[in-house]
Amino acid sequence: MPETPHEAMHTGATPGSQPATLGLSDDRTMDKQSERPQPTALSICWRVLAYFRAHWRLLLAGLLLTGLGIGAELLKPWPLKFIIDTVLVDEDPTSRIDHTLLAFLGTDKAVLLAALCIGILLVYLTASTLNLVSKYLLVKVSLRALTQVRCDLFRHLQRLSLRFHDGNRVGDSLYTLNTNIYAIQGILCDGAMPVLEASITVIGMVVIMLSLDWQLTLLSIATVPAQVLVTKYYAERIRQASSDFHSAEGNVSASAEGILSSVRLVQAFAREEYEAEKFSRKCQQSYSSNLRLTMTQLWSGVVVSAVTAGSLGGVTYVGASHAFSGLISTGELIVFLAYLQMLYTPLQTLSYSSWSVGWAVAGAQRVFEILATPEDISDMPGAIAVKQTSGEITFREVGFAYGPDRPVFSHLNFTVNPGETVAIVGTSGVGKTTLLSLILRFYDPTEGAICLDGIDIRTMQLRSLREQISIVLQDSILLGSTIQENIAYGRLTASFEAIVEASKAAGAHDFIMRLPKGYHTQVGERGVRLSVGQRQRIAIARAFLKDAPILILDEPTSALDLRTEATVVESLDRLMHGRTTFVVTHRLSLARNASKVIALNPESLQIADSLAELLRHGPLYQEVYDLQQAPEPSVLLENPSAIRGAEGMRHP
């Protein structure tokens, strides 16, 4: 639609430029990210290790103690071997190590027995102590790395633009932050270290067993493939059963969260039993999957034990034959069988590690996928820090689209002078809130530029830009803390006296002091313990405390009844005084004194100096007409009986 001379004057359009146009929808959609090649498990593990390298001293100490602990574990059977071959047997020992022991401790069997029993105690205490200290150090390192990654992830999630958060569920991000993050610890403690320990233990045992009886060792190794195959067979089934169980548990958690977060709706429609039955079905699925997982694990233990017993029985028979023939001593046979029993545990660890590491890598992959998501709204190189601004906002050929097929508007041209109030009206979905989001740089324009005091806001540091802007939204966002902390969020260094003054200016002080704990009252999650009007006044007090030169009001009174609206509007009028203000509203109470009115519709942009002028120069917007019919808040305060008529006018 061609611009009228009036529109051109206010939009600053150049000759021959196209009129502002708007898309048909304001739906939040996110551009699909370009397909990136999936990282390999090795690359993910290498990236995790980058966090561990910062603690390399502790990691090295843990690895050294782990190696010493494995050595102590391998010594455990030997004192019993010496007791059998040098104390219990009357014949002279034949092995060189037995002769060395006798030369060191003497031939008195009572002394030998006491010394070897003390040796058993020392070996077990040493192995346990080394295991304790090494595990402590490795867990400490892994938790430090986990904490660092979690903090990095949280900071990154906060910095990601609304495009990311609009396209991803909050629950998914929280699950990654609270659950998947433990994969960072799991890669070391459940993956790398068990595999390393098991590998060193197996190698050490096989070397010692070969030195004792190489034929018996080869026979023992021949039974290992059966053990490994059985373990892998059940490992895959346990992995699948575990996956089903975690999925079922996730459904239970999601169901409970959804129902409890909507408990008012459930109770209002008396659907408690209906929701309880739905939840019961989810719990039954979790019960069944948990039972399948447990039975799979139990059967795995039974079958693995049977294979182990069969292998051990066969090796014991052959080993006893070797002992009878004098190839090995009875003590050496005991050591060999002890190693054989110990051998199957690290082999099982190696077999199960493939899927346990897979789980950890999958969780870590999700963490690093988010960390790899680029910050499309960030400070550009050389961005300037703005200390104080006058509040002049200029839109120059600004256009925006949520995606190639979702244009919102284009060719927006207008200037708002310092201290002016701009009312933004239009039908739902034409981009009113999006326009405000561009000023805050929640999104960047896809074309054109927005300037603050003549400076492109993209060249400003994000933090300094947003320090110049206060916001009051339709659904005021409060933290789950005290009233004082919520108001102080506007200026973290504010004194209590400044907080009280801001509350008085917002008309909130009186109701706050009537609360049992005053400013120390807990507001509950998202301010649920306060009424809608009280939450709005807290938000207004927060804006007063911030004292920014630019104010954004996005439907701040739409959820209020007329009496509450009248009192809140008085507070907003005081807040708007002297500030550049953008107001998205359907109410005359906030738009009546606007120095500009921007009307958005699916076809064009129109700008006027008042609501009446907008009606004269453009289409008859129904909501503008409704604005003019609504009574003034001051009338409602002076004549409360007018509220009933006003409500009837609002809802004909």
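The values are calculated or read from the model by the stated rules, or taken from the named source; none is laboratory data. Computed from a prediction, not measured in an experiment: that's the story for all the values here. Neighbour counts are summed over all protein chains in view; Cβ atoms, including those assigned to glycine, are modelled from backbone coordinates with ideal geometry. With ligands, DNA and RNA removed, areas are computed over all heavy atoms of the protein, side chains included. Shrake-Rupley method; radii C 1.70, N 1.55, O 1.52, S 1.80 Å.
General remarks:
- Shape category assigned to region 174-323 from the gyration tensor of Cα positions, a/c cut at 1.5: prolate
- Region 315-422 shape via C-alpha gyration tensor axes, a/c threshold 1.5: prolate
- Per-residue accessible area (protein heavy atoms, 1.4 Å probe) orders Leu162, Leu260, Leu138 as Leu260, Leu162, Leu138, starting from the largest.
- Magnitude of the charge dipole, region 245-307, Cβ model with Lys/Arg +1 and Asp/Glu -1, debye to 20: 120
- Solvent-accessible area per residue for region 320-434 (1.4 angstrom probe, square angstrom): 40
- The HN-Hα couplings worked out from phi for region 72-81 by the Karplus form 6.51 cos²θ - 1.76 cosθ + 1.60 (θ = phi - 60°) are 5, 4, 5, 7, 4, x, 5, x, 5, 4 Hz, whole numbers, x standing for Gly and Pro.
- Accessible-area order (highest first, 1.4 angstrom probe) of the listed residues Tyr287, Tyr317, Tyr182, Tyr519: Tyr317, Tyr287, Tyr182, Tyr519
- Spin-label zone in region 452-478 - amide nitrogen under 15 Å from a point set 7 Å from the Cα of Asp547 along the C-beta vector: 468-470
- Partners for Lys81 among lysines (Cα-Cα distance below 18 Å; same-chain residues under 8 apart left out): Lys109
- Extension gain, Ser243 to Arg159, is 27.0 nm, computed as 0.36 nm per intervening residue step minus the present C-alpha separation.
- When the residues Ile84, Ile44 are ordered by accessible surface, computed with a 1.4 Å probe over the protein chains alone, the sequence from largest down reads Ile84, Ile44.
- Between the amide H of Ile471 and those of Ile552, distances stay under 5 Å, these residues lying 5 or more places away or on another chain, with hydrogens modeled in the peptide plane.
- Within the straight-line cut-off of under 17 Å between alpha carbons, the lysines reachable from Lys596 are Lys432, sequence neighbours fewer than 8 places apart in one chain being disregarded.
- Accessible area in square angstrom per residue, region 50-100, 1.4 angstrom probe: 59
- Using θ = phi - 60° and Karplus 6.51 cos²θ - 1.76 cosθ + 1.60, couplings along region 320-328 (whole Hz; Gly, Pro as x): 5, 4, 5, 5, 4, 7, x, 5, 9
- Each Lys or Arg adds one and each Asp or Glu subtracts one; over the other residues with Cβ under 12 Å from the Cβ of Asp475, this totals 0.
- The residues neighbouring Leu138, those whose beta-carbon lies less than 14 Å from its own, together hold a net charge of +2 under the Lys/Arg +1, Asp/Glu -1 convention.
- Close amide H contacts of Leu605 (hydrogens built in the peptide plane, cut-off under 5 Å, sequence separation of 5 or more or a different chain): Ala20.
- Only Lys, Arg (+1) and Asp, Glu (-1) charged, at Cβ; region 459-534 dipole about Cα centre in debye: 80
- Amide H within-cut-off set for Ile477, under 5 Å, with H built and near neighbours excluded: none
- Neighbours of Leu350 by Cβ distance under 12 Å: Lys/Arg scored +1, Asp/Glu scored -1, total 0.
- The overall shape of region 57-142, judged from the alpha-carbon gyration tensor, is prolate: a/c is not under 1.5, and a/b is greater than b/c.
- Euclidean distance of C-alpha centroids, region 255-325 and region 531-548, integer Å: 51
- Percent carbon-and-sulfur accessible area, region 314-401, ignoring ligands, DNA and RNA, probe 1.4 Å: 62
- Applying the Karplus relation 6.51 cos²θ - 1.76 cosθ + 1.60 with θ = phi - 60° to region 202-217 yields 3J(HN,Hα) values of 4, 4, x, 5, 5, 4, 5, 5, 5, 5, 7, 7, 5, 5, 5, 5 Hz, where x marks Gly and Pro.
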